[in-house]
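The values are calculated or read from the model by the stated rules, or taken from the named source; none is laboratory data. Everything numeric here is computed off the predicted structure, so don't read it as measured data. When we count neighbours, we look across all protein chains shown, and the Cβ atoms used for this are built from the backbone with ideal geometry, even at glycine. All accessible areas refer to the heavy atoms of the entire protein, side chains included, with ligands and DNA or RNA removed. Shrake-Rupley method; radii C 1.70, N 1.55, O 1.52, S 1.80 Å.
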Amino acid sequence: NANDPYFSQGLACFSKGDYEQSTMLFTKVLENSPQHYMALLYRGVSSFNQGRYSQAMRDLKNTTLINPSVGEAYFYQACIQQKYQKKESAIMYARRAIDVQPNQEEYYILCGTLLLETQEFEEAKSIFKKLLEINPDRVEIYEIIPKIDGFIQSKKDAENAQYLQMVTSQARAVQSISQTMTSSMANLNNTSTSKGFSSYRSRESIQRDLEKAEKRLADMERNRGNDDS
């Protein structure tokens, strides 16, 4: 009941930053009305502001169980996960907060920041662009987006360089195999034919392996040429 006197007093204490008192008052509300999700929410945020993250998380989870559309409860759960350095979980809650309340700017700021920290640059850019749709006057976002574009390009360059290094390494390995097989063929060709059919079959097997290795080397060199272009 929003008219509960304890709830009103709790809100007054909360607005003044007296979180110890507001926690006590919201607890009184919940003793009489356990399904009062706003009392749960504000008690959870009061606990968060006091650094009592486990207690806060419990109240915030219960808030969303009663009313899944309370974006603020997901937002503070994201903040708690961020405190614990659980960034993937934090991003999950931040996304959920945006889903249920897509008009809250601070949700986008938190989600975008977390995505940048985990190098999910494309999604971070998308989040910040959505924020600009809500509030085009956020001038700092116009400065952030070009920087994100730089991060995206740097990441692509690093991935391309890593791929090229892998292909080059594989090509060298295959080239080494090819050289070894060629040497083996030469040795077999110099071997006396008195060894008969079994020696002939060995040459056949080595020739097949050599042809496979040379084909793989040619394919890798061609792929590397495509990457360079």
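Below are the figures for this structure:
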| item | result |
| --- | --- |
| Among the residues listed as Gln77, Gln81, Gln85, the single one being under 18 Å from the mean Cα position of the chain (by Cα) and surrounded by fewer than 13 Cβ atoms within 10 Å (Cβ to Cβ) | Gln85 |
| Failed item, numbered, when Asp99 is tested on (1) closer than 25 Å to Glu140 by Cβ; (2) not in a helix (DSSP H, G or I) | (2) |
| Single residue of Gln165, Gln179 found to be open to solvent by 100 Å² or more (accessible area, probe 1.4 Å) and at pLDDT 65 or above | Gln165 |
| Of residues in the stretch 45-63 being among the aliphatic types (A, V, I, L, M) and touching an Asp or Glu at 6+ places or on another chain (Cβ under 9 Å), the one surrounded by the most Cβ atoms within 10 Å (Cβ to Cβ) | Leu60 |
| Identity of the residue in the stretch 5-23, assigned to a helix (DSSP H, G or I) and free of Cβ contacts under 8 Å to residues at least 12 places away in the same chain, that ends up most open to solvent (accessible area, probe 1.4 Å) | Lys16 |
| Inter-residue pairs, beta-carbon under 7 Å, first closer than 15 Å to Pro102 by Cα and in the stretch 126-144, second of a type in the set (S, T, N, Q), 6+ apart | Ile134/Asn103 |
| Looking only at the stretch 89-124, and only at residues there that are over 21 Å from Ile148 (Cα atoms) and small (Gly, Ala, Ser), the one that is least open to solvent (accessible area, probe 1.4 Å) | Ala97 |
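Listed here are the residues, each with its yes/no results for (1) assigned to a helix (DSSP H, G or I); (2) at pLDDT 85 or above; (3) more than 23 Å from Ile91 (Cβ to Cβ); (4) in contact with a strand residue (DSSP E or B) (Cβ under 7 Å, 6 or more places away or on another chain).
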residue	(1), (2), (3), (4)
Thr113	yes, yes, no, no
Leu116	yes, yes, no, no
Gln119	no, yes, no, no
Glu122	yes, yes, no, no
Lys130	yes, yes, no, no
Ile145	yes, yes, no, no
Ala161	yes, no, yes, no
